[in-house]
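Beneath this line is the structure, given in C-alpha cells, with notes to follow.
The values are calculated or read from the model by the stated rules, or taken from the named source; none is laboratory data. Here the structure is a predicted model, which is why all the values come from computation and not from measurement. Quick reminder, even Gly has a Cβ in these numbers, built from the backbone with ideal geometry, and neighbours come from all protein chains shown.
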Amino acid sequence: MSSLPMGNTGQEGASIAIAVEGLTKTFHTRRGIPNVVAVEDVSFSVETGSTLGIVGESGSGKSTVARCLLGLTPVDSGAIEVLGRSLVGAPAKQLRSWRSEMQIVFQEPYESLDPRYRVHQAVAEPLLLHTDLRGDVLGRKVLDLLEHVSLQPELARRYPHELSGGQQQRVNIARALATSPKVLVLDEPTASLDVSVQEGVLRLLLALQEEFGLTYVLISHDLTAIRAVCEQVAVMYAGRFVEIGPVDEVLSNPRHPYTEFLIGAELSVDPDVSPLAGIVRGEVATSERPPGCLFAPRCPMRVDQCEEGRPLFESVAPDHVAACLFADRSVDWSD
Ligand code: ADP
Ligand code: MG
C-alpha cells in the first residue's frame with residue numbers, strides 16, 4: 001500500500017541491524033468492543049551502531065512496535081529482521097536464544113526490577129540464564145557491568161527501593177547489557193526520571209553505544225533527547241509512521257502537519273511558534289479507521305482528497321519522506 005520509507009542512507013559499508021517491512025498488529029478485544037489497530041504497515045531500517053527515534057502521542061503504537069521487534073508480541077503481518085535473522089514465524093525456542101542479543105529497557109525503572117533481588121542479584125540473573133559464568137568470575141562481571149553504568153560497587157548490596165530512580169534505571173541498563181547485546185530498544189527510558197538525572201542517563205546511553213557499537217531504537221516524548229541521541233527519527237500517528245528521516249532534517253524542516261504539531265506543542269503553545277499547536281485538538285483514534293489519512297480529522301490542512309486513501313510517502317529530501325498530500329509544498333500559514 002505504501003512505498004517503503006527505508007531510511008537507509010545507502011553509504012558504502014553501512015550494515016543494517018534492523019529491517020522492518022509492513023509491520024501490522026491488531027489487538028482483538030472483547031466482543032462488542034472495537035479491535036485496536038496498534039500498528040499498521042510500518043517499515044523502517046536502522047544502520048548498525050546508529051539510533052532511530054520514534055516519537056508520537058501516547059497510544060500511537062510505539063511500545064507495540066518495540067515489543068514486536070523483540071518478539072514479545074506476535075505480529076499479524078510484516079517482516080522483521082534483526083541482526084540478519086528473520087523473527088516472524090521463528091520458533092519460540094530460537095527467539096529465546098536470540099533474545100540475549102537484543103534487549104529492552106522500559107520506562108518504569110522500579111517496576112522492571114524484582115524488589116526481592118539486591119542489585120548484584122538483579123545484574124547476575126541474566127548472566128546465570130544466558131552464560132556459563134559462575135562464582136568469582138560472575139561476581140567480577142557484575143562489578144564490571146556496574147562500573148559501566150557508573151554505579152559504585154557499594155550499591156551492589158542494596159535493594160531497588162534503596163536506590164534513586166536514576167540508579168534503578170542504571171541497574172536495568174546493566175541488566176540489559178549483561179548478555180552483550182547488539183541491539184537495545186529503549187522505551188521511554190528517561191520519562192519517569194527527574195529532569196536533573198535524565199541527561200546523565202542519556203549521556204550514559206550514548207557512551208555505551210559508542211563503546212559497544214550498539215544499535216538503538218529510542219522511543220521518547222522528549223524531542224531534545226531525540227535530537228541529542230538519534231540519527232533518524234520516525235513520527236508515529238495512530239499506528240502508522242507519517243514521517244521519517246534524518247533527525248535534524250525532520251525536526252528543523254517538518255513536512256507532515258502532525259510533526260509540525262508535535263514540535264510546536266513541545267516548544268510552546270504560542271500559536272506564533274507553530275500555527276498548528278493551537279489548532280490541532282483531539283486524541284489519537286485507534287479503533288475508528290476511515291480509509292483516508294488518519295490525521296485528517298485533526299488536520300487544519302485537510303481537503304476532500306485526504307479522505308480517499310492513506311497518503312503515500314512523498315520524498316521531500318534525501319532519505320526524508322512524509323505521508324501527506326502537501327508534504328512537498330510549503331504552506332503559507334498567514335492565510
Ligand atoms: P504507545 O506506546 O505509543 O503509547 P502502545 O503501543 O502502548 O502505544 O498502544 C497502542 C494502542 O494499542 C493503544 O490503543 C493501546 O491501548 C493498545 N494496546 C496496546 N497493548 C494492548 C494489548 N495487550 N491489548 C489490547 N490493546 C492494546
Ligand atoms: Mg508506550
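Go through the stretch 16-47 and report how many residues are more than 9 Å from ligand 1 (Cβ to nearest atom), touching an Asp or Glu at 6+ places or on another chain (Cβ under 8 Å) and of a type in the set (K, R).
Number satisfying all stated conditions: 0.
In the stretch 305-325, which residues are of a type in the set (G, A, S) and touching a Ser or Thr at 6+ places or on another chain (Cβ under 8 Å)?
Those that are of a type in the set (G, A, S) and touching a Ser or Thr at 6+ places or on another chain (Cβ under 8 Å): A322, A323.
Considering each of S315, S268, S287 in turn, give the residue that is modelled with pLDDT under 85 and over 17 Å from G59 (Cα atoms).
S268
For G200, are the conditions met, namely being under 30 Å from A322 (Cα atoms) and surrounded by fewer than 19 Cβ atoms within 10 Å (Cβ to Cβ)?
Taking the combined requirement at face value, the residue does not satisfy it.
Any residue in the stretch 311-323 that is assigned by TED's automatic domain parsing to the domain that holds L251 sitting within a Cβ distance under 8 Å of a residue that is basic (K, R)? List the pairs, counting only those 6 or more apart or interchain.
Close Cβ pairs (under 8 Å, with a partner that is basic (K, R)) amount to E314/R255; V316/R255; H320/R255; A322/R255; A323/R240; A323/R310.
Residue under question is F241, and the condition is that it be modelled with pLDDT under 95 and buried (at least 22 other Cβ atoms within 10 Å of the Cβ); does it hold?
no
Take residues that are over 24 Å from the mean Cα position of the chain (by Cα) and tell me which of the helices (runs of 4 or more DSSP H) falling wholly in the stretch 129-246 contain 3 or more.
135-148
Only one residue in D132, D187 is charged (D, E, K, R) and not assigned by TED's automatic domain parsing to the domain that holds E111, so which one is that?
Within the list D132, D187, the selection yields D187.
Out of the stretch 48-85, which residues are within 12 Å of ligand 1 (Cβ to nearest atom) and among the β-branched types (V, I, T)?
I54, V55, T64, V65, T73
Here are some residues: L83, L69. Which one is under 18 Å from M236 (Cβ atoms), surrounded by 17 or more Cβ atoms within 10 Å (Cβ to Cβ) and not aromatic (F, W, Y)?
None of the others qualify; the one that does is L69.
Condition test on G166, is it at pLDDT 95 or above, outside the structural domain of T24 (by TED's automatic domain parsing) and surrounded by 18 or more Cβ atoms within 10 Å (Cβ to Cβ)?
yes
Can you name every residue in the stretch 153-167 that is over 17 Å from L208 (Cα atoms) and either of a type outside the set (D, E) or in contact with a helix residue (DSSP H, G or I) (Cβ under 9 Å, 6 or more places away or on another chain) (or both)?
The answer is P153, L155, A156, R157, R158, Y159, P160, H161, E162, L163, S164, G165.
A90 fails exactly one of the following numbered conditions: (1) at pLDDT below 95; (2) within 16 Å of ligand 1 (Cβ to nearest atom). What is the number of that condition?
(2)
Residues that are within 16 Å of ligand 2 (Cβ to nearest atom) and not assigned by TED's automatic domain parsing to the domain that holds Y159: list the strands (runs of 3 or more DSSP E) wholly contained in the stretch 25-110 that include at least 2 such residues.
Strands (runs of 3 or more DSSP E) meeting the threshold: 36-47, 51-55.
Do we have L72 as at pLDDT below 95 and touching a strand residue (DSSP E or B) at 6+ places or on another chain (Cβ under 9 Å) here?
Answer is yes for this residue.
Restrict the check to the stretch 182-195 and report whether at least one residue is touching a Cys at 6+ places or on another chain (Cβ under 7 Å), touching a residue at least 12 places away in the same chain (Cβ under 8 Å) and within 23 Å of A17 (Cβ to Cβ).
Scanning the stretch 182-195 turns up no residue that is touching a Cys at 6+ places or on another chain (Cβ under 7 Å), touching a residue at least 12 places away in the same chain (Cβ under 8 Å) and within 23 Å of A17 (Cβ to Cβ).
Among the residues of the stretch 97-125, how many are away from ligand 1 (no atom under 16 Å from the Cβ) and under 23 Å from the mean Cα position of the chain (by Cα)?
Result for the stretch 97-125: 10.
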